[in-house]
Amino acid sequence: MREAAVDAGLPGDLADRLERRWGELQPWPEAAGVLARLAAHIPLAVATNCSERLGRAAAARAGDRFAVVITAETAGFYKPRPEPYLAALRALGTRPERTLFVAGSASDVPGAQGAGMPVYWHNRMHLPARDGARAEHCEPSLHRLADIAIPPA
C-alpha cells in the first residue's frame with residue numbers, strides 16, 4: 001500500500017493510517033443485499049491486492065459470503081497480472097468465459113479480461129478507462145449486478 005500511495009503522489013504514511021483504520025471501512029450501501037442475492041445462486045470469490053489478513057477482513061466486512069478469497073499474498077502476484085484472477089478461477093472450479101468479474105478499479109478491467117473473463121465495472125466514481133479496455137458492463141453501483149450475473153431459471 002505504501003508503494004501504491006507514493007506512486008500516486010501521496011505520502012507513504014497514508015498506507016499505515018489506512019491499515020490502522022481498516023476495520024472502519026464500510027461496504028457500499030447496496031453490497032450486502034446484492035451479495036446475499038448472488039450467493040443464493042452462484043459461488044462468489046474475491047481476488048484482491050490486499051494481504052491475507054486485510055483481504056479476509058474486508059471479505060468478512062462485506063458479509064462473508066465468499067467461497068474463495070484470493071489475495072496477492074496467496075497468489076504471489078498483484079493484479080492486474082493474470083495469476084490472482086486465474087487462482088480465483090481454479091479455486092472456484094470454473095472457466096473464465098463463464099465467470100463475471102466485478103471490477104472496482106480501472107486496472108481490473110484489462111486484467112480480468114486478459115484472464116478471459118467478462119467484466120462488470122462498478123465505476124461509482126466515473127473514472128476513465130485504462131489501456132483502452134471497455135468493460136462489458138459499466139455501472140455506477142452494484143444494483144444491476146445480480147440481474148446480469150444470475151443465470152435465468
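Below is a table of values for the structure above.
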{"quantity": "Entirely in segment 84-141, the strands (runs of 3 or more DSSP E) that have 1 or more residues that are within 15 Å of the chain's Cα centre (by Cα) and of a type in the set (D, E, K, R)", "calculated": "137-139"}
{"quantity": "Options Thr71, Thr94: the member that is surrounded by fewer than 20 Cβ atoms within 10 Å (Cβ to Cβ) and β-branched (Val, Ile, Thr)", "calculated": "Thr94"}
{"quantity": "Number of positions in segment 39-83 that are assigned to a loop (DSSP other than H, G, I, E, B), touching a Lys or Arg at 6+ places or on another chain (Cβ under 7 Å) and of a type in the set (A, V, I, L, M, F, W, C)", "calculated": "1"}
{"quantity": "Pairs where the first residue, in segment 125-153, is within 24 Å of Leu44 (Cα to Cα) and the second is among the basic types (Lys, Arg) and assigned to a loop (DSSP other than H, G, I, E, B), C-beta under 6 Å, 6+ apart", "calculated": "Pro140/Arg124"}
{"quantity": "Residue check, Ala47 at pLDDT 95 or above and among the hydrophobic types (A, V, I, L, M, F, W, C)", "calculated": "yes"}
{"quantity": "Filtered residues of segment 17-38 (kept if under 12 Å from Ala58 (Cα atoms) and either part of a helix (DSSP H, G or I) or among the polar types (S, T, N, Q) (or both))", "calculated": "Glu19, Trp22, Gly23, Glu24, Gln26"}
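The values are calculated or read from the model by the stated rules, or taken from the named source; none is laboratory data. Just so you know, these numbers come straight off a predicted model, no measurement behind them. For neighbour counting, all protein chains shown are included, and Cβ atoms are generated from backbone atoms with ideal geometry for every residue, glycine included.
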